[in-house]
Each structure stands twice: as structure tokens, then as C-alpha cells.
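Have a look at the structure below, then the notes.
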Amino acid sequence: MYLQRLEAQGFKSFANRTVLEFRPPKNGKRGVTGVVGPNGSGKSNIADAIRWVLGEQSLKLLRGKKSEDVIFSGSDRKSRLGFAEVSLVLNNENGGRERRIKEIEEKGEELTPLEFSEIVITRRLYRDGESEYLINGHNVRLTDIQLLLARARFGQKTYAVIGQGMIDHILVASPSERKEFFDEAAGVKEYQIKRHQALNKLGHTRENMAQASGLLAEIEPRVKSLLRQVKKLEERGQIEAELMAAEKRYYGKLWIDLAEKLEIFKKDHQELSTKMKKRQHEYQTLLDELKALEQKESETGALTGLQKEYEKLISERQKIHEEAVTVNTKIEIAKVRRQSEKVWAPLPLSDILFELDALHKKISHVLSVLRGVKTLAAVTIIIADAEKIEAQSGKLLERMQKPQEKENAAPDPALTEKLEDLKASELLLEEKIVGVRKEMEQVSKEDKQEKTQFFELQRRLQSKQSEIHGEEQRLNAVAIELARLETRRETLEEEMQNAFVGRGEEAAPKIAEIKTAEKETLAGVQTDALQPLVFKLRHQLEMIGGIDELVVKEYEETNSRYQFLSGQMEDLTKALADTERAIKELDELLKDRREQALNSLNSEFDRFFKMLFSGGAARLAPVFAEEADLEKEAEEGEALVNAEVQDEIASKKSREPILVGMEIQATPPGKRIKDINILSGGERAMTSVALICAIMANNPSPFVVLDEVDAALDESNSIRFAEIIDQLADKTQFIVITHNRATMYKSDILYGVTMGEDGVSKILSVNIEEAEKMRAKK
């Protein structure tokens with residue numbers, strides 16, 4: 001790779017589009033291009049243009065105060081421009097490129113700019129502050145430019161472009177600043193950039209892990225809470241299913257039993273009603289015969305009066321009896337309704353807690369006594385107390401399994417009082433009837449022969465009336481039982497309705513299913529055994545309480561997010577481990593490269609130093625520091641710690657010393673100097689030149705720009721410097737801005753820079769090789 005062309009427009013004094021063509025490598029030489037011209041003509045602007053297009057951000061190095069200072073600011077004869085643009089064209093045609101492309105195509109990877117035959121790096125700046133970086137016409141970031149330059153083994157901050165005054169800066173620079181030159185020479189800049197990116201990624205990963213961990217810590221309790229509710233909901237579903245099955249058997253059996261009893265009592269009621277009608281018909285027939293006999297026979301006045309009184313008393317008693325039966329029926333029906341309206345109330349939680357607290361105290365007392373038992377008599381007392389505890393706990397269990405019954409109010413006292421009055425009236429009439437009957441019997445004895453038939457009818461009529469009374473009582477008893485069963489069935493249906501609706505279920509289809517259940521499917525069902533189970537399951541549902549079914553959806557959504565974050569946390573943990581492993585591998589690679597480069601660089605440094613000084617010795621000495629000292633200096637604001645060192649402090653976990661800088665040890669021949677600060681100006685310049693040449697020899701950049709680095713050298717040392725440049729020209733391409741004739745003599749192409757009255761720099765070129773050929777022809 002070599003610098004093929006430099007194009008500038010609007011950059012500083014190069015207002016017009018200016019193109020500098022550079023000679024391609026020839027006969028193993030990469031060539032030396034000299035740039036000459038009077039002071040103030042704009043020669044150094046060429047070095048600034050190269051430095052700027054390579055991504056330089058320091059306005060001080062670009063000799064400006066504001067970013068827009070690089071744009072042509074105008075003159076008396078030419079107005080200012082609105083933008084500055086510089087393009088650097090690198091020729092990348094070599095055998096290594098084709099081999100690299102073949103390897104990439106075989107692996108199926110994507111080509112990078114380094115694999116193209118021509119690389120054009122462009123930087124453009126407008127006066128409004130907008131800037132652009134381009135590689136081969138495509139917008140890129142500054143980081144992409146820096147990584148590309150690092151891979152190509154040159155950059156804008158080190159020896160690729162050495163401007164005016166920078167030759168001495170290497171010596172006066174701090175050890176950490178010299179370390180940048182050393183890293184450039186070691187060819188580790190690319191790995192440092194990658195390491196810095198990895199550290200940034202590591203920091204972002206840790207931040208993301210902290211955020212994910214915070215979110216997980218926030219979501220996890222909610223997930224656990226929702227999971228408990230979902231489990232309760234699942235448990236509630238199981239209990240509801242079990243309860244529904246138990247209720248179907250329990251209510252189904254009760255409904256069938258009630259239906260059978262109702263059928264039996266309805267049949268009995270119908271038969272008794274038929275018999276009652278028959279007895280009443282027979283009674284009416286006898287009564288009609290008796291009336292006919294009364295009309296036929298002429299009875300005595302006394303017997304007739306008694307007969308009428310007797311019939312009147314019988315009629316009154318009959319009415320009172322019927323009214324008493326009606327009142328009694330009402331009372332019995334009221335009793336049935338009260339029984340059906342018994343409320344099964346669960347044992348209050350406060351009572352349960354009170355009983356459990358009492359049991360706990362008794363058990364604690366028994367345990368305390370048991371711990372101190374020493375005699376057999378004490379054991380007998382403990383056994384008695386334990387039996388009491390067992391009895392009390394069994395009673396509590398029975399109360400919880402079968403809830404208490406709450407009786408309603410007593411029957412209506414008015415009905416009861418009325419029934420008692422009617423019974424007293426009926427008893428009084430019965431006594432009167434017996435008295436009249438005795439009087440009639442006395443009268444009838446006198447006329448026994450004549451009244452035999454009459455009295456026989458009366459006896460039969462009385463017997464029939466007794467039968468009717470018996471039938472009435474039996475019919476009333478059946479009617480009462482029917483009313484009780486009907487009321488119980490209504491109460492049972494209402495109980496089922498309340499049970500299903502209270503749980504938020506649709507009652508009608510379930511009740512219909514229970515009513516239509518087959519008798520064979522419920523054979524053997526014991527309602528007394530099922531009732532405690534139903535109450536127990538209902539109590540469990542009450543303890544669980546109502547849970548919104550939307551909690552399942554919320555749990556699924558929250559758990560999905562929790563699982564996603566957990567997966568992200570695992571990925572971040574893996575990425576963190578991979579990044580730390582990559583940083584460790586880069587650290588080992590950097591250490592190896594630095595050690596190799598230091599040995600090679602010291603050898604070349606010493607060689608070039610001896611060439612320039614005709615003897616002496618020079619070397620680079622690495623400066624190490626402990627991590628604790630560096631952290632203390634960083635807190636105190638010391639300048640010893642630069643960005644790369646801070647990265648190493650942030651990433652290293654061992655106690656190994658950290659490379660923080662480079663010291664230069666130079667001893668000219670015949671002197672014993674340990675501090676380079678006491679060297680003379682010429683010695684300092686030659687030492688710097690020797691170090692720069694050593695760096696270029698160890699890790700040659702595709703091109704190097706030297707801006708008047710030989711200005712401080714005398715003629716003899718300028719010749720030596722030109723010889724060194726000529727030797728190194730087979731490793732790197734040189735663009736030398738100089739006033740030195742020895743350096744011009746070694747140049748293959750000379751560019752002259754002039755400036756007209758309009759303040760615009762212009763370029764004139766001379767190809768030395770072609771000029772020599774033309775002179776030879778003459």
C-alpha cells in the first residue's frame with residue numbers, strides 16, 4: 001500500500017482544487033517526494049491536510065482555534081469558501097491483497113476497505129459545523145477510519161505525520177505520551193482500539209446487566225405472588241369441581257328422596273279423600289233417613305225438643321272441630337316452614353381462633369409439666385389433661401364439619417291461643433251433647449218399642465260421624481306432611497340456587513341436571529356422610545376467597561417478561577464472560593507484541609543513533625507502575641495516566657505491573673549523560689530523528705510525512721539524515737517538507753508551493769528522474 005494521490009479543495013490556503021500525485025514504488029524503492037517553497041507559501045498546509053483527513057481532532061496540531069479555521073477564509077481578491085474537503089487516495093494493489101481476498105471469499109466473509117485495490121478516505125467540513133467522513137464514497141464514522149488506519153499500520157497521532165516542532169516533542173513528551181509512539185511502532189494500535197471497544201462493550205454489558213437485574217428484582221416478587229394466586233386458582237378449580245360433584249350427589253339424593261315421599265303422600269291423600277267423600281255420603285244418607293222418620297212419626301214434644309237441641313249441639317261441635325283442625329293445620333305448616341328455614345351457619349373465624357388459642361395454651365401447659373415430670377402421679381395428671389385436649393379438639397372439629405343451626409322465631413302465639421280456645425269450646429259442647437243424649441235416652445226408655453228404629457239411626461249416625469272424624473284427622477295429617485315436603489323441596493331448590501349463584505355460577509342448568517338425575521346413579525349415596533364434606537369444601541373456598549381469573553393472563557404476561565429478562569441476563573452473562581476472555585487474549589497479545597517490538601526497536605534505535613553520532617548508545621526503557629499507585633495518581637489528577645492505561649486499570653484484576661510509559665536513555669560518544677534534558681539542541685534533534693527512524697524501520701507505515709524535521713540539523717548531519725531517509729525508502733514512502741538541499745537531492749519528485757497575491761497556494765512539480773534524462777540527452 002502506498003499514497004497515490006492527495007486532493008484538496010477549500011482547505012486552508014488551497015482554495016482551488018489541488019492534486020498531488022506521488023510516484024509508485026519502483027526497483028524496491030517506495031520513493032521520496034520533496035515539498036519545497038518559501039516560508040508562508042503553504043507547504044505545511046499539505047501536512048495539515050494529510051493529518052486532518054486521517055481524523056485529527058486537535059485544533060492545536062492543526063494550527064487553528066476553531067474547526068472552521070481549516071476552511072479557506074478568503075482574501076482581498078478571493079471570497080471565502082463554504083466548505084473544505086480533502087481526499088487521500090491509497091493504492092492497495094499488491095500480492096497480499098489478492099491472497100487476502102481469496103481467503104475471505106473461501107470463508108464467505110464480507111470484504112473490508114483494506115481488501116479493495118484503491119482506498120479513498122475523504123473528510124468534508126461545512127461552515128455550519130456539519131462534517132462527513134467517507135471511505136470510497138460511503139459515509140462512515142471516525143472510529144471506522146481510525147480502525148482502518150490502525151490495521152494499515154499508520155495513524156494521525158504518531159509518526160505517520162510529524163509536523164513542525166514535533167521532532168523535539170518526542171524528547172520533551174511525558175513517558176505516557178512516548179508510549180503512544182511506541183504502541184504505533186509495535187503495531188498494536190489496532191488491538192488497542194479493539195480492546196477499548198471491548199471495554200466499552202463490557203461497561204455497557206454491565207450497565208445492561210444492572211438494569212436487567214433491577215428489573216428482575218422488581219418483577220420476581222410479583223411473579224411469585226401471581227404464581228401463588230394461580231396455584232390457589234387451580235386449587236380453587238379442583239375444590240369447585242369436587243364440590244360440584246359432591247353437591248350433585250347430595251342434592252340429587254335429597255331431591256329424589258323428597259320426590260318419592262311426595263308421590264307416596266299424594267297417593268295416600270287421594271285415597272283418604274275418596275274415603276272421606278264416601279263416609280260423608282253415607283252420613284248424609286243416614287241423616288236423610290232420620291229426618292224422614294221424624295216427619296213420619298209423631299213424636300212427643302219433649303223428645304222432639306231434645307232432638308233439635310242435640311242436632312244443634314252436634315252442628316256447633318262440628319263447626320268448632322273443623323275450625324280447630326284448620327288452625328292446627330296452619331300451626332303444623334308453620335312448624336314445617338320453620339324447620340325448612342333453618343340456616344346452616346359456618347363457625348365464625350373468631351370462635352375458631354379462640355378455641356385454637358385455648359388448645360395452644362393447654363398444650364403448652366402440658367408440655368411444660370411434661371418436661372418437669374418426676375413421679376408417676378404427675379404422668380397420670382398429664383394423661384388426664386391430654387384427654388381433655390383431645391375431647392376439646394374433637395368437639396371443635398365436629399363443630400367445623402357440621403355448622404350450627406339457627407332457629408327462627410317461635411310459632412304465632414295468636415294461633416296457639418285460638419286453638420286452645422277452640423279445644424275448650426269443643427270439650428264444653430261434648431259435655432252438653434252427652435247430657436242431652438242421656439236425657440233423650442231417659443225419654444226413649446218410656447217409648448222404647450216405638451223408637452227403636454229412630455235410636456238405631458241415631459247410633460249409626462253417631463258411629464258414622466266418629467268415622468268421619470277419624471278420616472278427617474288422618475287426611476289432615478297427610479296434608480300437613482305434604483305441605484312439609486313441598487316446603488322442603490322449595491327450600492332445597494332455593495338452597496341450590498343460592499349455593500351456585502353465590503359462587504358466580506349459572507344455577508339453572510345445574511339445578512335442572514340435579515332434578516333429572518337417574519335414581520340408579522345415586523344408589524347407595526348417604527346424605528349424612530356427604531353433608532360434612534360439602535360444608536368443608538365450601539369453607540375451603542371461603543378461605544381461598546375470590547380470585548380474578550384475569551390473574552392467569554397477568555401471570556402469563558409477567559412470567560413471560562421475567563423469563564425473557566432471565567434469558568437476556570444469561571446472554572449478558574455469557575457475553576460478559578466472552579468479552580472478558582477476549583480482553584485477556586488481547587492483553588496477552590499486546591504484551592507479546594510489545595516485548596518483541598521493544599527488543600527490535602532498541603536495536604534499530606541504537607543503530608541509527610550511532611550512525612548520526614558516530615558512536616554512543618541509546619535505548620528505550622519501559623516504565624511500569626503498580627495499579628494502586630496509578631489509581632491514586634488518577635484521583636489526584638496526575639497526567640501520567642492516559643486513556644489506554646485507564647483501560648488497563650479498569651480491566652486487569654491481577655497485581656501485575658502496568659506499562660505506563662517509555663523513558664529514553666541516550667548517551668552521545670564521550671559523554672556520561674543520564675538525563676536527556678541536558679542534551680544540546682542539535683543532540684536532542686538527532687536523538688529524536690534516530691528514534692523516529694528506528695520506529696519507521698521496525699514498523700514501517702505505508703507513508704510518512706516529515707514537516708521540516710531536519711531544520712535544526714547542520715549540513716553534515718543533514719547529509720546523514722538524507723542517507724537514512726534514502727535507506728528507509730525501501731520500507732516506506734516519504735513526503736518530506738524541507739529547505740535542506742541534501743534532502744532535496746534524495747527526492748524523486750519535487751513539488752514547489754507558491755502563493756499569489758490572492759492568498760491561494762499553487763503547486764509546481766518537477767520529476768527529478770525525467771529532468772536528469774532530459775539533461776543527459778542534451
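The values are calculated or read from the model by the stated rules, or taken from the named source; none is laboratory data. Quick caveat, the model's predicted, so the values are computed rather than measured. Note that each Cβ is placed from the backbone with ideal geometry, even for glycine, and that neighbours are counted across all protein chains shown. These accessible areas exclude ligands, DNA and RNA; they are computed on the full protein's heavy atoms, side chains included. Shrake-Rupley method; radii C 1.70, N 1.55, O 1.52, S 1.80 Å.
Under a crude label model (7 Å from the Cα following the beta-carbon direction), how far is residue 39 from residue 663 in nanometres?
That separation, rounded to one decimal, is 3.8 nm.
Given R₀ = 25 Å, what would the calculated FRET efficiency be for residue 359 paired with residue 541, taking r from the Cβ atoms and rounding to 0.05?
After rounding, the FRET efficiency stands at 0.50.
Working out 0.36 nm times the residue gap between residue 130 and residue 241, then minus their Cα-Cα distance, what length gain in nm do you get to one decimal?
Roughly 32.7 nm would be gained on extension.
Could you please report the charge total around residue 427, scoring K, R as +1 and D, E as -1 over all other residues with beta-carbon less than 12 angstrom from its beta-carbon?
So the surrounding residues net to -2.
Taking the highest mean first, how do the peptides 678-690, 350-362, 760-772 order by number of other beta carbon atoms within 10 angstrom per residue?
678-690, 760-772, 350-362
Just to verify a number: what accessible area does residue 166 come out at with the full protein assembly present, 1.4 Å probe, Å² rounded to tens?
The value for residue 166 is about 20 Å².
Given R₀ = 30 Å, what would the calculated FRET efficiency be for residue 675 paired with residue 60, taking r from the Cβ atoms and rounding to 0.05?
With a Förster radius of 30 Å, E is 0.65.
Would you rank 255, 52 by solvent-accessible area, highest first, keeping every protein chain in place and using a 1.4 Å probe?
255, 52
I'd like the projected area of region 453-579, averaged over all directions, using the convex hull of its alpha carbons. Report it in nm² with one decimal.
Over all viewing directions, region 453-579 projects a mean Cα-hull area of 16.0 nm².
Would you mind calculating the gained length between residue 75 and residue 392 on full extension (0.36 nm times residue separation, minus the Cα-Cα distance), in nm to one decimal?
Extending this stretch completely gives an extra 102.9 nm.
How many nm separate the modelled label positions at residue 292 and residue 588, each set 7 Å beyond the Cα in the direction of the Cβ?
Rounded to a tenth, the inter-label distance reads 13.8 nm.
For a quick check of your reading of the filter: which GluC sites (Glu not before Pro) in region 419-518 sit in a DSSP loop and have no more than 11 other Cβ atoms within 10 Å?
Of the GluC sites (Glu not before Pro), the ones in loops of region 419-518 whose Cβ has at most 11 other Cβ atoms within 10 Å are 506, 518.
Would you rank 535, 624, 182 by solvent-accessible area, highest first, keeping every protein chain in place and using a 1.4 Å probe?
Largest to smallest exposure gives the sequence 624, 535, 182.
Going 7 Å from the Cα of residue 521 toward and past its Cβ, which residues in region 242-279 have a backbone nitrogen under 20 Å from where you end up?
Residues 242-260 qualify, since their backbone N sits under 20 Å from the label point.
Share of region 1-49's accessible area from carbon and sulfur, percent, 1.4 Å?
48 percent
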